[in-house]
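The structure appears below as structure tokens.
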Amino acid sequence: MNIIKNLFKGNMNEEIGEYIIKNDHNLTISILELGGIITSIKIPKNNEIIDIVLGFDNYDNYFGKHPYFGAIIGRYANRIGNGTFCLEGKKYELKRNNGKNHLHGGIKGFDKVIWESETIIKKNEAQIILKYLSKDGEEGYPGNLQVYVTYTLTNNNELRISYKGETDKPTVVNLTNHSYFNLNGEGEADILGHFLTINGDYYTVVDENLIPTGEIKKIEGTALDFRKREKIGRRIKEAGGYDHNYVLNKTREELSLGAIAEGDKSGIIMEVYTTEPGLQFYTGNFLDGTLKGKKGNFYNKHYGFCLETQHFPDSPNKPEFPGVILLPGEVYTEETVYKFKWN
Ligand code: BGC
């Protein structure tokens, strides 16, 4: 196990760290203190190095406009309808950055802030521990929220992402990571030939603004059915591109298998385990070929997919969904594991 730290300059000339972690099988992951962004996941396969996440070659581009490549999303991942919610009788107004809705933590979410960091190396794992204090009122949210996100790379070829949070006032929390994967290698082509299995029998129905109506429906008989290994592209047109929250099959908040994806050309497999109740499957529907990614490649529609483990969208306004309220004295903890397999 090995960790290297590089420094680069931010907008205000401040020094920002980039970590490169490598395990004993040469699986290499790069992470920035900016937004906790995963900028690369490099898999050594047949004397080739396959980078399986979308992003940029240049640090500067991560400060510009991009669709949350690789970033930590918070304080609330996904949408909150009308950017408002009530908590203990008080109404909170959040920043609206997606029409009239609040998306992925607002205008300056956890994806755009600089995190403090420390590292731990053990025999079979190496960790980057990121820490951020989200102040009371930030983007409209109540309470000072101290957040820790730990990225652990193991010699079992797992990337474990552990989330922890504590608040001094009642608040809502829902954190995720927004990596765009292309298991055949980023920038090469779209992901429509990939195979996918999702361990979810139900999804949350949404309105035209992608806000859940509250209804939870069976995926059986729809283009959302990935209970059996299926090509992503098979029914994607019918689905209008995937951007759906699956209700994962589980009875307890335990780490359980959420999804398995497989690059049809590379044979690289990624298993996703999570403690979360939901999984947003998003197929990069809004990528439009204007973003120049690594090696000068332009990212077209469906060039990457996200598997965002999370609580359901708009849960602060849906008391019937699993709860997202964090009270003082409680500790928010969630974990997601991406396990990579190749030969
Ligand atoms: C959401 C999409 C959104 C995208 C932004 C995804 O998590 O589900 O609706 O457009 O993030 O990059």
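The values are calculated or read from the model by the stated rules, or taken from the named source; none is laboratory data. As the structure is a prediction and not an experimental result, all values here were calculated from the model. Cβ: placed from backbone, ideal geometry, glycine included. Neighbour counts: every protein chain shown. We work out accessible area using only protein heavy atoms, side chains counted, and drop any ligands, DNA or RNA first. Shrake-Rupley method; radii C 1.70, N 1.55, O 1.52, S 1.80 Å.
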| request: Report yes if GLU118 is touching a residue at least 40 places away in the same chain (Cβ under 8 Å) and away from the ligand (no atom under 16 Å from the Cβ), otherwise no. | output: no
| Identify, please: which residue in the stretch 316-340 is open to solvent by less than 10 Å² (accessible area, probe 1.4 Å) and of a type outside the set (A, V, I, L, M, F, W, C) and is, among those, farthest from GLY193 (Cα to Cα)? | THR336
| Which ones in the stretch 294-311 are within 14 Å of the ligand (Cβ to nearest atom) and either open to solvent by less than 10 Å² (accessible area, probe 1.4 Å) or over 17 Å from the mean Cα position of the chain (by Cα) (or both)? | TYR299, LYS301, GLY304, PHE305, CYS306, LEU307, GLU308, THR309, GLN310
| request: Please note which strands (runs of 3 or more DSSP E) are completely contained in the stretch 139-233 and include at least 2 residues that are more than 24 Å from GLY83 (Cβ to Cβ). | output: 145-154, 158-167, 195-198, 212-218
| said: Where the second residue is more than 12 Å from the ligand (Cβ to nearest atom) and part of a loop (DSSP other than H, G, I, E, B) and the first is within 28 Å of ASP190 (Cα to Cα) and of a type in the set (Gly, Ala, Ser) and lies in the stretch 304-324, which pairs have Cβ atoms under 6 Å and are six or more apart or on separate chains? | reply: GLY304/ASN182
| query | Before we move on, is TYR332 within 16 Å of the ligand (Cβ to nearest atom), in contact (Cβ under 8 Å) with a residue 12 or more places away in the chain and not small (Gly, Ala, Ser)? | reply | no
| task | Would you mind stating whether ILE3 is at pLDDT 95 or above and either within 13 Å of the ligand (Cβ to nearest atom) or assigned to a loop (DSSP other than H, G, I, E, B) (or both)? | result | no
| message | Yes or no: the stretch 27-38 includes at least one residue that is crowded, with 19+ Cβ neighbours inside 10 Å and among the hydroxyl-bearing types (Ser, Thr, Tyr). | response | yes
| message | Residues that are part of a strand (DSSP E or B) and either modelled with pLDDT under 95 or closer than 21 Å to THR39 by Cα (or both): does the stretch 244-253 have at least one? | response | no
| query | Can you name the residue in the stretch 39-95 that is among the small types (Gly, Ala, Ser) and within 30 Å of VAL205 (Cα to Cα) and is also most open to solvent (accessible area, probe 1.4 Å) among such residues? | reply | GLY89
| Could you list, in sequence order, the residues of the stretch 56-114 that are of a type in the set (A, V, I, L, M), in a loop (DSSP other than H, G, I, E, B), within 11 Å of the ligand (Cβ to nearest atom) and under 14 Å from TYR141 (Cα atoms)? | ALA77
| In the stretch 191-212, which residues are open to solvent by 10 Å² or more (accessible area, probe 1.4 Å) and within 16 Å of the ligand (Cβ to nearest atom)? | TYR203, VAL205, VAL206, ASP207, GLU208, ASN209, LEU210, ILE211
| query | Out of the residues in the stretch 279-293 that are assigned to a strand (DSSP E or B) and in contact with a helix residue (DSSP H, G or I) (Cβ under 9 Å, 6 or more places away or on another chain), which is surrounded by the most Cβ atoms within 10 Å (Cβ to Cβ)? | reply | LEU291
